[in-house]
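Below: the structure, in structure tokens.
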Amino acid sequence: MRELLDRLRGKKPTLIPDTLWAVTVTALPFLDILASDEQKQLKTLAEAFLAEKEFSTAGGLELTDEICVSIAAQGCLPILKLGLNAYRDWIGIVVYPDEFVVPRRIEDESGIVHEYDDVLSGEAWEGGPLIVSWHDVQMAGDGYNVVIHEFAHKLDMLNGDADGMPALHSGMTEAEWEEIFFAAYENFCQRVDSGEETAIDPYASEAPAEFFAVLTESFFEIPDLVAEEYPALYELLSRYYRQDPLARLTKAASASSTSAS
């Protein structure tokens with residue numbers, strides 16, 4: 001175990017053992033449904049990611065192969081078709097055993113300073129490290145994924161402050177993004193404010209940046225729900241990520257049905 005970690009921390013990509021990779025992917029349905037060529041592409045990308053990034057732990061957690069490979073596999077899914085350069089402006093990943101406390105200090109409009117402790121499962125610092133709770137990493141599924149959430153924030157920060165609009169590709173315009181993305185965001189906020197129970201995490205209504213991060217989680221884990229509730233936004237995210245998780249899910253469901261009959 002220690003040998004693999006030492007090799008992965010070098011700058012030359014090192015192969016992840018097939019057994020460890022298989023165990024990691026099988027435990028995550030949204031990765032398990034990837035086509036064989038995409039599985040190979042993801043594994044190669046994860047190996048390069050592990051060679052480039054620096055993992056550390058806090059709170060007494062022991063760093064293991066399982067932790068590093070699980071985070072790399074999930075975190076590289078959003079950039080499967082974008083490439084590792086999309087994560088170019090940061091290096092460190094800090095893993096806590098569980099939720100962690102971050103002291104906050106804010107000044108209100110009256111100039112009064114308020115101090116409090118924020119309990120978090122993940123956080124992405126602009127230009128700095130990405131922090132996650134290992135407990136929450138292992139809870140991935142059904143639209144909840146702390147790794148994809150925080151990595152989406154990193155994509156959002158690539159062109160400045162996290163504001164819900166990442167750096168767009170050629171053929172995508174800010175006007176189009178604003179029209180579709182922010183219309184969906186406003187609609188979602190109205191639904192949450194009215195007391196409606198939403199299948200998508202209501203935390204997405206906190207800010208455009210959180211809407212982007214939460215919808216990215218949902219896009220990859222419960223694409224059918226996103227496509228049903230916000231079809232134009234699903235299509236927009238599909239163009240941005242250059243992936244179609246709904247097609248993967250449909251194909252996997254069809255294969256499962258055929259196998260069962």
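Relative to the Cα centre, what is the charge dipole magnitude of the stretch 171-250, using +1 at the beta carbon of each Lys and Arg, -1 at the beta carbon of each Asp and Glu, and rounding to the nearest 20 debye?
That gives the stretch 171-250 a dipole magnitude of about 320 debye.
Our analysis of the chain gives Rg over Rh at 0.97, with the two radii drawn from alpha carbon positions and Rh computed by the Kirkwood formula. Of the beta bridges in the chain, as assigned by DSSP with both residues counted there, near 60 percent are antiparallel.
Normalised by the number of residues in the stretch 106-261, the mean separation of alpha-carbon contacts (under 8 Å, six or more apart) gives a relative contact order of 19 percent.
Arrange the following residues from fewest to most other Cβ atoms within 10 Å of their Cβ: Tyr234, Tyr144, Tyr203.
Numbers: Tyr234 24, Tyr144 17, Tyr203 13.
Neighbour counts put them in this order, fewest first: Tyr203, Tyr144, Tyr234.
The dipole here belongs to the chain: it is taken about the Cα centre, uses +1 on the Cβ of Lys and Arg and -1 on the Cβ of Asp and Glu, and is about 1580 debye. Restricted to Cα atoms, the stretch 162-261 shows a radius of gyration and a Dmax of 14.7, 48 angstrom. Between the listed residues Tyr203, Cys68, Gly127, the Cα displaced farthest toward the positive end of the dipole of the chain, a dipole computed from Cβ unit charges relative to the Cα centre, is found at Cys68. Over the chain, Cα pairs under 8 Å with separation of 6+ residues give a relative contact order of 15 percent.
Averaged over residues, the count of other Cβ atoms within 10 Å places the peptides 130-141, 14-25 in the sequence 130-141, 14-25, highest first. Of all the options Lys43, Lys154, Lys251, the one that moves most in a Gaussian network model of the chain with Cα springs shorter than 10 angstrom is Lys251.
Taken together, the values in this text are just the output of simple stated rules run on the coordinates, not laboratory data. The model shown is predicted, which means the values in this text are computed figures rather than measured ones. Reconstructed Cβ throughout: ideal geometry from the backbone, glycine too, with neighbour counts over all protein chains shown.
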